[in-house]
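Before any comments, here is the structure.
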Amino acid sequence: MSSHHIVKEKQEPALYIHQFGDFEEEYLGQLLEWSPTLLAGAMAYEKINSLGIKVDILLANETDFALQEHLKVIPIVENEVHTALSYLIENGFPAVNIICLSVEDLAVEAYSTQLNILLLDSKYKKYRIVSGYSVWKPAGLCFLIAHTADLIYTNLQHKGGNEYEVIADGLVSFQFDAKHLFITEKI
């Protein structure tokens, strides 16, 4: 007996490849598994195209390279990240996974209340949480959390600086007074 899954448009997070860097192609395959809407920056487009991956939206002001059929080109306004995230918000996308060179260098906080954003690079994933967030994690996993005086957590050990490690397999929870907090997780 086979099972068939129907994925509605915008049900899965969109995928925006800002810059590829040394992101694992195997992990990219997992992100593409449910055929998300794929946005690409001009710097990433040629590599994506060379991998035979269909791009839905190209963010570029000039296109001096061969374009895929049925590709929508959106001109960059302000900067590429602003253009991509504004497009997704305006078109009703609830979430996006963004592949970039460094999760710490991409400023997306201003968009995070309108769009669920997961930043990914070759070593880390970064995402926004609200107070009361809890999730199951394996022992030994490390989080990087910006210092906040009122942070209360369970099942974590502070390793120094902004690094925290999961003590035992199980739920990790976070409480704090701020509206939200970004945490970075080693992958």
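All of the numbers you see were taken from the coordinates with simple rules; none came from a lab. All of these numbers come straight from a predicted model, not from anything done at the bench. Every residue, glycine as well, gets a Cβ built from its backbone with ideal geometry; the counts of neighbours run over all protein chains shown.
Counting only lysines at least 8 places from K179 when in the same chain, those with an alpha carbon closer than 20 Å to its own are K126.
Couplings for the stretch 36-53, taken from phi via the Karplus curve 6.51 cos²θ - 1.76 cosθ + 1.60 with θ = phi - 60°, read x, 5, 10, 9, 9, x, 4, 5, 8, 4, 4, 5, 4, 4, 5, 7, x, 8 Hz in order; Gly and Pro are left as x.
Here the spin labels are modelled as points 7 Å beyond Cα on the Cα-Cβ line, and at A178 and E46 they lie 3.9 nm apart. The phi-based Karplus calculation (6.51 cos²θ - 1.76 cosθ + 1.60; θ = phi - 60°) puts the 3J(HN,Hα) values of the stretch 175-187 at 10, 6, 8, 5, 4, 7, 8, 9, 10, 10, 10, 6, 10 Hz, whole numbers, x for Gly and Pro.
What number comes out for the charge environment of A42, summing +1 per Lys or Arg and -1 per Asp or Glu over other residues with Cβ under 10 Å away? Intermediate results must be reported in sequence, preceding the final value.
Details: positive: none; negative: E46, E62, D64, E80.
Summing Lys/Arg as +1 and Asp/Glu as -1 gives -4.
Using the rule -39500 (n - 2.57) for each DSSP H run of four or more residues, divided by the residues of the chain, the 222 nm mean residue ellipticity is -4500 deg cm²/dmol.
How do 74-84, 38-48 rank on mean C-beta neighbours within 10 Å, highest first?
Numbers: 74-84: 15.7, 38-48: 20.2.
Averaged packing, sorted descending, gives the order 38-48, 74-84.
Taking 19 Å as the cut-off for C-alpha to C-alpha distance, list the pairs among K137/K186; K159/K186; K72/K125 that go past it. Mind showing how you got there, number by number?
Working: K137/K186 12 Å; K159/K186 14 Å; K72/K125 28 Å.
Listed pairs above 19 Å: K72/K125.
Scoring 150-163, 171-184 by mean Cβ neighbours within 10 Å over their residues and listing the highest first yields 171-184, 150-163.
Once the Cα atoms are used to define both axes, helix 80-90 deviates from the longest principal axis of the chain by about 90 degrees.
Ranking L151, L28, L51 by Cα position along the charge dipole of the chain, where only Lys, Arg, Asp and Glu carry charges on their C-beta atoms, puts L151 farthest toward the positive end.
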